[in-house]
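Data block below; observations after.
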Amino acid sequence: MELFRNTNIDFLGKKWYFLAFSLIFSVAGICSMLFWHHIPLGVEFRGGTLVYVKFAQTPDLDQIRHVLDRAGLHDPRIQRFGPTSDNEVLVDLGMQETSESALDQGKNTIIRALEPPNAEGKQDINNTGAASLQQYLMQKDPQHLGTDAEQRYSALAKQIDDFRNKERGGILTSLDELRGVAPVEVVSALQQDFYTSDFVVRNVEIVGPQVGSQLRHQAIMATLYSLGGMLVYLWFRFEMIYGVGAVVACLHDTIITVGFFSLLNKEISLTVIAAILTLIGYSMNDTIVVFDRIRENIKLLRREPLADIVNKSINQTLSRTILTSGLTFLTVLSLYVFGGEVLRGFSLALVIGILIGTYSSIAVAAPMLVAYQDWRAQKAGRVAVQRMSSPRGKTNDKVKVKA
């Protein structure tokens, strides 16, 4: 199947437009990485504490930020997580403790910051686990169970916890909702010492700074190893300049993709690194297809200028490039739109990378090959001219003549 036949677009004639486009986006991304947003590393690389919080109503991020700032948590990173209907937010506290107690510390920090001021010493039923609830019931013993209290209250606490998490999505709006789950005397006791908040801390994750540093180093090395391996492969399959052109094109794609993330202030996580490695391979494959057609046409069209051969080769592979890149782009675009928050960074990197990778195979790698061959031809011409213009038979050796 071909979309176009016998196209004759002068791609190399537009090389200066391509160069301007690449320079604008590359410089903008580099400036953002150096001076503005820098490289927004995810918690996997810089270390920190992530707290997942679900609200009963649509959360106001500005209000949450204000409340946390008033509680002493300055400049936390807050973003929506998951579908909008779930009313979940992700709070990055930046705490880098690695002990097990840091998990409870992060959770308790959020709870203290978000709890209403009129709690009057009561406990929040939505943020109380089954173990704490069992301990309370055993101390209060509202059913006067005596020696059988531990087993009965353990089952009752688990039943209440399961009802809250499975039936109510983690949040009870009123303690009266427990009347069909727990005995009346238990509900009455809970109403005396508990209240219902409008949020629940669903999960807490911690990555230590040492682990983050190791992951950051490994991500950089994985990218460099992939580029180096491809350079060696193309060196043996074609020529060194082909490998250099393809690697420069991939490096161009990586800089622009990371620059976009910096400009948009989107965090770069492990999944984004996986996407960058994927787009490096995708861009390299597209470049090899063009280079392979150039090599075939060089053998067939020996008398034509290299620029014409490259233009012809790009036009011959244009239909294939648009078909494969277009279908792949539609796939990752669907993943970006419908894949959810977990895959949002991965799919965004692929959306940007496929567009830039397809562009660089035509607008960066191929013109670089032509520019290098023209430079070699000019250099060889200058050397030939110098040799032709030098006087023949002249020697600098001194000859001694006897008188």
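The values are calculated or read from the model by the stated rules, or taken from the named source; none is laboratory data. Treat the numbers as computed from the prediction; the structure is a model and nothing was measured. Every residue, glycine as well, gets a Cβ built from its backbone with ideal geometry; the counts of neighbours run over all protein chains shown.
Observations, loosely collected:
- When the residues of region 314-341 are filtered to those that are touching a residue at least 40 places away in the same chain (Cβ under 8 Å) and of a type in the set (A, V, I, L, M), the one that is nearest to Val258 (Cα to Cα) is Ile322.
- Some residue of region 69-87 being closer than 30 Å to Ser360 by Cα and part of a helix (DSSP H, G or I): no
- Failed item, numbered, when His144 is tested on (1) in contact (Cβ under 8 Å) with a residue 12 or more places away in the chain; (2) assigned to a loop (DSSP other than H, G, I, E, B): (1)
- Evaluation of Trp235 against (1) within 20 Å of the chain's Cα centre (by Cα); (2) surrounded by fewer than 21 Cβ atoms within 10 Å (Cβ to Cβ); (3) hydrophobic (A, V, I, L, M, F, W, C) (one fails), failing number: (1)
- Filtering region 301-326 to residues that are polar (S, T, N, Q), within 12 Å of Val290 (Cβ to Cβ) and either in contact with a Phe, Trp or Tyr (Cβ under 7 Å, 6 or more places away or on another chain) or not assigned by TED's automatic domain parsing to the domain that holds Ala349 (or both) leaves only Asn311.
- Residues in region 230-250 that are assigned to a helix (DSSP H, G or I) and over 23 Å from Leu355 (Cα atoms) were compared, and the one that is modelled with the lowest pLDDT is Arg237.
- Contacts under 7 angstrom Cβ, first residue in region 51-79 being of a type in the set (D, E, K, R), partner part of a strand (DSSP E or B), 6 or more apart: Lys54/Glu88; Lys54/Phe199; Lys54/Val200; Lys54/Arg202; Arg65/Ile78; Arg77/Asp92
- Complete set of residues in region 180-212 that are of a type outside the set (Lys, Arg) and assigned to a strand (DSSP E or B): Phe194, Tyr195, Phe199, Val200, Val201, Asn203, Val204, Glu205, Ile206, Val207
- If the condition is being part of a helix (DSSP H, G or I) and modelled with pLDDT under 90, then region 1-51 contributes Val43, Glu44, Phe45, Arg46.
- Any hit, region 283-300, residues being assigned by TED's automatic domain parsing to the domain that holds Ala366, in a helix (DSSP H, G or I), crowded, with 21+ Cβ neighbours inside 10 Å and touching an Asp or Glu at 6+ places or on another chain (Cβ under 7 Å): yes
- In the set (1) touching a helix residue (DSSP H, G or I) at 6+ places or on another chain (Cβ under 9 Å); (2) modelled with pLDDT of 90 or more, the condition left unmet by Leu215 is number (2).
- Filter result for Ser347 (at pLDDT 90 or above, out of contact with any strand residue (DSSP E or B) (no Cβ under 7 Å at 6 or more places or on another chain), closer than 30 Å to Ser85 by Cβ and crowded, with 17+ Cβ neighbours inside 10 Å): yes
- Options Ala155, Ala119: the member that is over 28 Å from Glu267 (Cβ atoms), assigned to a loop (DSSP other than H, G, I, E, B) and of a type in the set (A, V, I, L, M): Ala119
- Condition check for Gln134: surrounded by fewer than 12 Cβ atoms within 10 Å (Cβ to Cβ), modelled with pLDDT of 90 or more and assigned to a helix (DSSP H, G or I): no
- Among the candidates Leu215, Leu277, Leu231, the residue that is among the aliphatic types (A, V, I, L, M) and more than 30 Å from Tyr336 (Cβ to Cβ) is uniquely Leu231.
- Within the set Val89, Val53, Val67, the sole residue that is assigned by TED's automatic domain parsing to the domain that holds Val201, among the aliphatic types (A, V, I, L, M) and under 29 Å from Val187 (Cα atoms) turns out to be Val53.
- Hits in region 161-177 (condition: of a type in the set (Gly, Ala, Ser) and touching a helix residue (DSSP H, G or I) at 6+ places or on another chain (Cβ under 7 Å)): Gly170
- In region 94-113, of all residues being touching a helix residue (DSSP H, G or I) at 6+ places or on another chain (Cβ under 6 Å) and either at pLDDT 80 or above or of a type in the set (Phe, Trp, Tyr) (or both), the one that is surrounded by the most Cβ atoms within 10 Å (Cβ to Cβ) corresponds to Ile111.
- The residue list Phe338, Phe329 contains one member that is within 25 Å of Val247 (Cβ to Cβ) and either in the same structural domain as Leu251 (by TED's automatic domain parsing) or surrounded by 16 or more Cβ atoms within 10 Å (Cβ to Cβ) (or both), which is Phe329.
- Scan of region 204-251 for residues that are among the hydroxyl-bearing types (Ser, Thr, Tyr) and within 26 Å of Phe45 (Cα to Cα), ordered by number: Ser213, Thr223, Tyr225, Ser226
- Some residue of region 31-40 being in contact with a helix residue (DSSP H, G or I) (Cβ under 6 Å, 6 or more places away or on another chain), surrounded by fewer than 18 Cβ atoms within 10 Å (Cβ to Cβ) and hydrophobic (A, V, I, L, M, F, W, C): yes
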